[in-house]
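Some notes on the structure that comes next.
The values are calculated or read from the model by the stated rules, or taken from the named source; none is laboratory data. In this text the structure is predicted, and so the values were computed from the model without any measurement. Here the Cβ is made from the backbone with ideal geometry for all residues, glycine too, and neighbour counts use every protein chain on show.
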Amino acid sequence: MEISEAIRQRKSIRAFKPDPVPRGTLKEIMELALRAPSWANTQPWEFAIVTGKTLEEIREAFVGKAEEHGNPDIPHPREFPEPYNTRRRALGVKVFELKRIAREDKERRKWWLLQGLRLFEAPCVIYILIDRSFCLQGDGPNVWPIFDCGLVAENIMLLAPTYGLSTIAQIQAVGYPEVLRKILGIPDSKLIVLGIAIGYPDWDDPINQLQSEREPLDSISTWYGFD
Ligand SMILES: Cc1cc2nc3c(=O)[nH]c(=O)nc-3n(C[C@H](O)[C@H](O)[C@H](O)COP(=O)(O)O)c2cc1C
């Protein structure tokens with residue numbers, strides 16, 4: 001698949017079919033994704049790739065934690081100043097419209113939160129980990145390994161459509177890192193950055209019609225030195 005076509009096809013999927021993803025397919029995707037660039041080729045990423053009963057155990061444990069606020073190793077933004085809050089809200093409105101969830105319908109909203117914690121029933125998840133010692137240095141975080149993880153994550157997400165697979169990057173997937181540490185035996189020395197849910201999309205679910213918006217290029221770029 002042409003890279004431009006892969007970019008066009010990639011979008012976040014929030015309803016998956018239960019069909020398992022073959023290990024060989026995942027291996028091909030991951031091996032190619034590792035060609036991502038990184039600061040001085042440090043390649044700070046590691047992966048935990050999970051399916052089957054182990055993933056079911058994680059889903060159940062996350063649902064059991066749903067009443068607690070998520071506390072991921074890489075914290076949520078504290079605030080969403082404008083224009084980011086407006087963009088975030090626009091996404092939420094679209095999601096709720098497609099899922100026919102009314103603002104005041106607390107039960108359905110909770111159900112939808114649980115769907116997120118269950119990784120939208122994806123049959124597989126790829127957790128991206130980095131070494132704590134590389135990320136937390138001195139007063140502030142060293143953000144560059146996290147940036148590098150974003151590059152490898154995008155590679156994974158762009159390669160998926162070639163195999164008929166879809167993905168969603170999910171902070172929800174790493175909201176209770178203590179659960180993941182316990183079930184997967186991940187040591188404290190590793191930070192769990194992000195989960196990428198991966199599987200075959202359920203196109204019958206209206207949520208997968210969602211096409212997120214983008215700001216027009218002209219409103220966010222300034223060009224210098226061109227004729
Ligand atoms: C780091 C990161 C974390 C995300 N976490 C979530 C999440 O927890 N739940 C969710 O529904 N979508 C999550 N998303 C998906 C974004 O909402 C999505 O990428 C954005 O709305 C743009 O839509 P698109 O991916 O379909 O182009 C996340 C995306 C990124 C990059």
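Considering each residue of the range 30-58, count those that are at positive phi and acidic (Asp, Glu), and give that number.
Number of matching residues: 0.
Those residues that are modelled with pLDDT under 95 and either crowded, with 23+ Cβ neighbours inside 10 Å or in a strand (DSSP E or B) (or both), I need them from the range 127-149; list them, please.
Of everything in the range 127-149, those that are modelled with pLDDT under 95 and either crowded, with 23+ Cβ neighbours inside 10 Å or in a strand (DSSP E or B) (or both) turn out to be Leu136, Pro141.
How do the helices (runs of 4 or more DSSP H) wholly within the range 11-126 filter down when requiring 2 or more residues that are within 16 Å of the ligand (Cβ to nearest atom): which remain?
Correct list: 52-64, 84-98, 106-117.
Name the pairs whose Cβ atoms lie under 6 Å apart, with the first residue in the range 42-65 and closer than 14 Å to Leu194 by Cβ, the second among the aromatic types (Phe, Trp, Tyr) and assigned to a helix (DSSP H, G or I), and 6 or more positions between them or separate chains?
That search, which allows pairs on different chains as well, returns Pro44/Phe134.
Restricted to the range 172-218, and to residues that are surrounded by 14 or more Cβ atoms within 10 Å (Cβ to Cβ) and among the small types (Gly, Ala, Ser), which residue is nearest to Arg118 (Cα to Cα)?
This residue is Ala173.
Given the conditions (1) assigned to a helix (DSSP H, G or I); (2) within 10 Å of the ligand (Cβ to nearest atom); (3) of a type in the set (Val, Ile, Thr), which single one is not true for Val152?
Single failed check for Val152: (2).
List every residue pair whose Cβ atoms lie under 7 Å apart, where the two residues are 6 or more positions apart in sequence or sit on different chains, the first residue falls within the range 211-227 and is touching a residue at least 60 places away in the same chain (Cβ under 8 Å), and the second residue, located anywhere, is among the small types (Gly, Ala, Ser).
From the range 211-227, the pairs are Glu213/Ala90.
Restricting attention to the range 155-162, does a residue exist that is more than 20 Å from His76 (Cα to Cα), away from the ligand (no atom under 13 Å from the Cβ), touching a residue at least 60 places away in the same chain (Cβ under 8 Å) and in a strand (DSSP E or B)?
no
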